[in-house]
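The values are calculated or read from the model by the stated rules, or taken from the named source; none is laboratory data. None of these values were measured; they are calculated from a predicted model. Please note: Cβ atoms are built from the backbone with ideal geometry, for glycine as well, and neighbour counts cover all protein chains shown.
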Amino acid sequence: MSGDTAVKYLYDMSEGDATMRTVLGGKGANLAEMKRLGFPVPDGFTVSTAACVATMESHGEWPDGLWEDVEAAVERLEERTGRTLGGERPLLLAVRSGAVFSMPGMMDTILNLGMSDETVEILGAESHDPRFAWDSYRRFIQMYGDVVEGVQPHVYEDELTALKAKRGVENDTDLTTEDLKELVATFKEVSRRELGRDLPTDPREQLRGAVDAVFKSWDTPRARVYRKANDIPDDLGTAVNVMQMVFGNRGDTSATGVCFTRNPSTGENTIYGEFLINAQGEDVVAGIRTPRPLAELEEVLPEAYAQLVQTLHDLEAHYKDMQDIEFTVEDGTLYMLQTRTGKRTAAAALKIARDLVEEGVLTQEEALQRIEASQLDQLLHPAIDPEHGKTPLTKGLPASPGAAVGELVFDADTAAERGNNGEAVVLVRYETTPDDIHGVIVAQGVLTAHGGMTSHAAVVARGMGKPCVAGAQAIRLNTAEKTLTVGDKVFNEGDVITLDGSTGDVYGEAIDLVPPQVNEDFSAIVGWADELRELGVRANADTGEDAAKARELGAEGIGLCRTEHMFMATDRLPAVREMILAESVEDRAAALEKILPMQQADFEGIFTAMKGLPVTVRLLDPPLHEFLPSLVDQSLLVQRLELTGGDAEELDEARALLGSVKRLHEQNPMLGTRGCRLAMLYPEIPEMQTRAIIRAALAVREREGETVGVEIMIPLVAYSAELEAQRAIVERAVAEELQAAGQEIDVTVGTMIELPRACVVADQIAEHADFFSFGTNDLTQTGIGISRDDAEGGFLSAYVSDEVIPANPFESIDREGVGRLVQIGTERGRSTKPELKVGVCGEHGGDPASIQLFHELGLSYVSCSPFRVPIARFAAARAVLDARGEATPDA
Ligand code: PEP
Ligand code: MG
């Protein structure tokens, strides 16, 4: 026990087990577990993470009693091993770091501790191998000098290289005993030169220095960077494992190696590893000698190999997961130095999880907890080859996952032309608009300088499964000159760039990609998720193609069919403008008559792809001015025509259009005449859309023998009176259409809930709604009061990076605020209609963390872009498991 505090700072290995990783670190806990289970592990003890934390808190001062604890533990170890530190049967120690979450190679290790001018002689005599003893001694000086005393490692490496050159040999193992003696003398000399004193020779002083150095290695810049990149808290500290040395460098019957119980890159169930004969651990990592494939160990040391294979098998069975282990063979005897859950690629994670279920080791539910949604996501899209090693040019928002390589183009027409010729292009825009769609469709990927996760580019790209990096603020675009500039680097049209839509990274060069890997493992795992999940999963899709894709990926219907895209297509815009500019109800109705068959054809495509499943069609949402030219452009056109005194008819038309643009112009269009507000002003629009929907549903039933469950949805409702009025329009049109056709069809009418007022009065709104669907994009915009078009390019990214808020609320739902609004809306809606079907169709419907909340709130379904459907299916199952409070497995 340490001092007068109740904190225990030190544990003998026999006191620990795998559950104690917070105290003992991952390595210490697993070593103790292996010891407990009877695997061959060198004896030792662990200084706890609490000791490291206490030392950091008091600026390097060890807590009271810690050194006494260490001395007592060394005495106990001496008793158990029958050896003494610095004694006649010398005890030699390995001092290794070991944090709670593994940080491979980030912290320090000191081996062969206890070596001195005396022990080297004894060790040489005892082992009948003086060369081994001197090799261990020179290694100790090298490590101690570097790690504990801060001598630059190259100081020793240079001497070693010089000696090898002098002797004309290539490998360290080619140096003789005499060479190594000479090297030890040189190492001592250079240490003295660097430090102005000798290295300590008292083994207890060495031990104190080594433990202290491992504590300090927690706080090196590289360790801090690694923690930041991997979300590991800075205040956990590292444990220090002190163990009796076992020697892999004791001649040709000794070896050291690392291996995985399965292949970490493919997941294949074969042992995968490397070893070196007559070497210590750092030789394998240092790459001085080329390690040999593990299978060859069987020829050299058959008994140790057989024991290793059995141990790997037993360890994997015990931990029920692929293990990454380190071992040493000392003079034919095997020792285990570490075991931990092995890191693996996404493809390997899926294969291993599935194989372990088939082998009867894991249940399906346990296997689902071994996989992350982000791993499924990686496999759904082409990805950047993980080995690329290139530095990004800049970074934007990871708006749509997957990677794209192509030549830069700056406008949609060029993208469309070159893309249609089969060329790989990446479209870069300040922000895309619906007019760019023809370029987006054929581009490999999209890059924007402005806009966020719900920006047009992001939503459209995700819908198509196309990689997109949005809002890369560091890029400057000159569309006239066709240049993209980042800092002092200038790129022209035709230069090749690579986008990583999964991370937001942009590279100024071509990088190799690996194709999507949706295979049987993927399908099997998502299939298990389907058996477990309670949330339905639908897709957001606006075309027959997207709908077909969504169905293929497992969507159970469409939760949001946005109809505005159907109005924006170039061939429809003249009719749409005619409708907007119409002076009378009759003129407007005539224009709408032209649009109706086009909409009907679109719906038929979607309904055919989705027959037998429900489809929610949302009536027109965006403000009318989106269908008109911009105020600035139109004013300039009128000016130009006036100045050039051109064609009078053309000028009249341009002026008339400018008048309409001015009339419809709003300062705040996102809070303007959108959604049902527009439909309240022009009831002919919802009427026409309803007719198109019903005609399409009947036509598909006639042709296919089956049609969809028709659900008509009214957008941006704030007042129950709005829904009541819109519902009446829709119902009248439905009745008329059905009567005219002499047919029956079930139609339900529901509403988007995307304004705070709608959540608050959801009980009133529910009186007129057959279903609710939360539009969490607008609900985030209006609930937090942040513009979905601008905020992510401005203060919001600073809020995220400065950790004012935990995540971008347009990407992952703001649980406490917007999430609470969803809860209120659901509860109040169901207080009127207990069985009310409630979905989510904002971008959050495809975000795993948000899906967890929607499950907790008891919603009926989520709806997301087609390519996120498998992720949502998986995340909905994970939400069930997480809600049960089942512990996630060891990291
Ligand atoms: C929403 O607001 O969440 C929604 C789905 O509608 P849109 O993104 O089309 O405004
Ligand atoms: Mg909306």
Hey, ASP321 under 25 Å from the mean Cα position of the chain (by Cα), in contact (Cβ under 8 Å) with a residue 40 or more places away in the chain and surrounded by 21 or more Cβ atoms within 10 Å (Cβ to Cβ) or not: yes
Could you please find all residues in segment 200-233 being in contact (Cβ under 8 Å) with a residue 12 or more places away in the chain and among the acidic types (Asp, Glu)? ASP202, ASP212, ASP219
Qualifying residue in segment 662-679 (condition: within 28 Å of THR608 (Cβ to Cβ) and more than 16 Å from ligand 2 (Cβ to nearest atom)): no
Tell me whether segment 313-320 contains one or more residues that are within 19 Å of ASP172 (Cα to Cα) and part of a loop (DSSP other than H, G, I, E, B). no
Looking at this structure, is VAL211 assigned to a helix (DSSP H, G or I), in contact with a strand residue (DSSP E or B) (Cβ under 7 Å, 6 or more places away or on another chain) and not assigned by TED's automatic domain parsing to the domain that holds ALA317? yes
Please indicate, with yes or no, whether at least one residue in segment 791-803 is at pLDDT 95 or above, more than 16 Å from ligand 2 (Cβ to nearest atom) and out of contact with any strand residue (DSSP E or B) (no Cβ under 8 Å at 6 or more places or on another chain). no
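For segment 411-422, indicate whether the set of residues that are surrounded by 24 or more Cβ atoms within 10 Å (Cβ to Cβ), modelled with pLDDT of 85 or more and either of a type in the set (Val, Ile, Thr) or in the same structural domain as PHE491 (by TED's automatic domain parsing) (or both) is non-empty.
Scanning segment 411-422, I find at least one residue that is surrounded by 24 or more Cβ atoms within 10 Å (Cβ to Cβ), modelled with pLDDT of 85 or more and either of a type in the set (Val, Ile, Thr) or in the same structural domain as PHE491 (by TED's automatic domain parsing) (or both), so the answer is yes.
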Positions within segment 27-67 being under 10 Å from TYR9 (Cβ atoms) and either among the small types (Gly, Ala, Ser) or without any contact (Cβ under 8 Å) to a residue 40 or more places away in the chain (or both), in sequence order: SER48, ALA50, ALA51, ALA54, GLY65
Residues in segment 603-619: is at least one in contact (Cβ under 8 Å) with a residue 60 or more places away in the chain, away from ligand 2 (no atom under 16 Å from the Cβ) and closer than 30 Å to LYS662 by Cα? no
Regarding segment 266-282, can at least one residue be identified that is assigned to a helix (DSSP H, G or I) and surrounded by 21 or more Cβ atoms within 10 Å (Cβ to Cβ)? yes
From the list ALA575, ALA591, ALA550, ALA656, exactly one residue is small (Gly, Ala, Ser), within 16 Å of ligand 1 (Cβ to nearest atom) and touching a residue at least 12 places away in the same chain (Cβ under 8 Å). Which is it? ALA550
Quick one: THR448 ticks every box in (1) out of contact with any Phe, Trp or Tyr (no Cβ under 8 Å at 6 or more places or on another chain); (2) under 24 Å from THR780 (Cβ atoms) except a single one, so which number is it? (1)
Conditions: (1) part of a helix (DSSP H, G or I); (2) within 16 Å of ligand 1 (Cβ to nearest atom). VAL617 meets all but one. Number of the miss? (1)
Would you please list the contacts, defined by Cβ atoms under 7 Å and residues six or more apart or on different chains, that run from a residue in segment 425-439 that is crowded, with 24+ Cβ neighbours inside 10 Å to a residue that is among the hydroxyl-bearing types (Ser, Thr, Tyr)? ARG429/THR448; THR432/THR448
When segment 226-265 is examined, which residues are found to be β-branched (Val, Ile, Thr) and surrounded by 22 or more Cβ atoms within 10 Å (Cβ to Cβ)? THR238, VAL240, VAL242, VAL246, THR256, THR261
Residues that are within 16 Å of ligand 2 (Cβ to nearest atom) and within 19 Å of ARG815 (Cα to Cα), at least 2 per element: which helices (runs of 4 or more DSSP H) completely within segment 726-789 meet that? 756-760, 776-780
Among the listed residues ILE606, ILE595, identify the single one that is at pLDDT 90 or above, buried (at least 21 other Cβ atoms within 10 Å of the Cβ) and closer than 23 Å to GLU626 by Cβ. ILE606
GLY508 passes all but one of the listed conditions (1) crowded, with 24+ Cβ neighbours inside 10 Å; (2) within 23 Å of the chain's Cα centre (by Cα); the exception is number (1)
Could you please give the count of residues in segment 450-494 that are assigned to a loop (DSSP other than H, G, I, E, B) and either crowded, with 20+ Cβ neighbours inside 10 Å or not aliphatic (A, V, I, L, M) (or both)? 20
When every residue in segment 819-864 that is hydroxyl-bearing (Ser, Thr, Tyr) and part of a helix (DSSP H, G or I) is compared, the one nearest to ligand 1 (Cβ to nearest atom) is SER850
For LEU199, indicate whether it is assigned to a helix (DSSP H, G or I) and either modelled with pLDDT of 95 or more or hydrophobic (A, V, I, L, M, F, W, C) (or both). no
Residues PHE867, PHE874, PHE810: which one is outside any loop (DSSP other than H, G, I, E, B) and over 30 Å from GLY26 (Cα atoms)? PHE867
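Could you tell me which of the residues VAL749, VAL804, VAL761, VAL800 is more than 15 Å from ligand 1 (Cβ to nearest atom), surrounded by fewer than 21 Cβ atoms within 10 Å (Cβ to Cβ) and touching a residue at least 24 places away in the same chain (Cβ under 8 Å)?
Of VAL749, VAL804, VAL761, VAL800, the one residue that is more than 15 Å from ligand 1 (Cβ to nearest atom), surrounded by fewer than 21 Cβ atoms within 10 Å (Cβ to Cβ) and touching a residue at least 24 places away in the same chain (Cβ under 8 Å) is VAL761.
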